[in-house]
């Protein structure tokens, strides 16, 4: 599944105060993440979004921080333990060609990570299978690495799979972004926690 992956040491440049100001996790994730949810952070890096999501899901929720690189996952674990929320985060090492999870999630985030996967359609299909009906996937891709056309292709694939655009539109600085909702029977109902 892996194309070009940001090296583990690049995480120190990506996860910093300026980045958290530009991509404020509370503002970006607030409409989607609630207490008690089980959420997936695909391509979590060093936890820029995983750590804030752990606060948002509260003591009854769970964040699955998934990444291909063990060093990134060790950094997430260390940061979570230091923040006193280690029990709310479970790290998961993805395989080279699969996310490798089977349990349902209420919300999934793929922030600046899907473009690193050679088969994006397969990734979207795998995440769609994990989402509960009515659950959401937030995708954000960096404009510097992903063209508007490539992002449109990604969104077309998502629609074919059954992930439909949610309104209002999600706007994220320096990014192409979309909130997608899993379609199916019972759509419009509140996502239920899987815990």
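Structure data summary
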read-out	value
Odd one out for residue 122 among (1) under 13 Å from the mean Cα position of the chain (by Cα); (2) within 21 Å of residue 45 (Cα to Cα)	(1)
Given (1) surrounded by fewer than 21 Cβ atoms within 10 Å (Cβ to Cβ); (2) more than 15 Å from residue 136 (Cβ to Cβ), number of the condition residue 34 does not satisfy	(2)
Unique match (being more than 16 Å from residue 54 (Cβ to Cβ), surrounded by fewer than 21 Cβ atoms within 10 Å (Cβ to Cβ) and modelled with pLDDT of 95 or more) among 129, 136, 140, 110	129
Members of region 100-114 that are in a strand (DSSP E or B) and closer than 19 Å to residue 22 by Cβ	109, 110, 111
Criterion (assigned to a helix (DSSP H, G or I) and at pLDDT 95 or above) met by exactly one of 64, 51	51
Qualifying residue in region 100-115 (condition: touching a strand residue (DSSP E or B) at 6+ places or on another chain (Cβ under 9 Å) and without any contact (Cβ under 8 Å) to a residue 40 or more places away in the chain)	yes
Search result, residues across region 68-88 that are in contact with a helix residue (DSSP H, G or I) (Cβ under 7 Å, 6 or more places away or on another chain), within 14 Å of residue 55 (Cα to Cα) and in a loop (DSSP other than H, G, I, E, B)	83, 85
Test: residue in region 92-99 that is surrounded by fewer than 22 Cβ atoms within 10 Å (Cβ to Cβ) and part of a helix (DSSP H, G or I)	no
Hits in region 47-59 (condition: buried (at least 23 other Cβ atoms within 10 Å of the Cβ) and more than 19 Å from residue 117 (Cβ to Cβ))	47, 51, 53, 54, 57
Complete set of residues in region 60-76 that are within 29 Å of residue 118 (Cα to Cα) and either surrounded by fewer than 17 Cβ atoms within 10 Å (Cβ to Cβ) or in contact (Cβ under 8 Å) with a residue 40 or more places away in the chain (or both)	62, 64, 68, 69, 70, 71, 72, 74, 75
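The values are calculated or read from the model by the stated rules, or taken from the named source; none is laboratory data. Predicted, not measured: the structure shown is a model, and the values here were computed from it. Quick reminder, even Gly has a Cβ in these numbers, built from the backbone with ideal geometry, and neighbours come from all protein chains shown.
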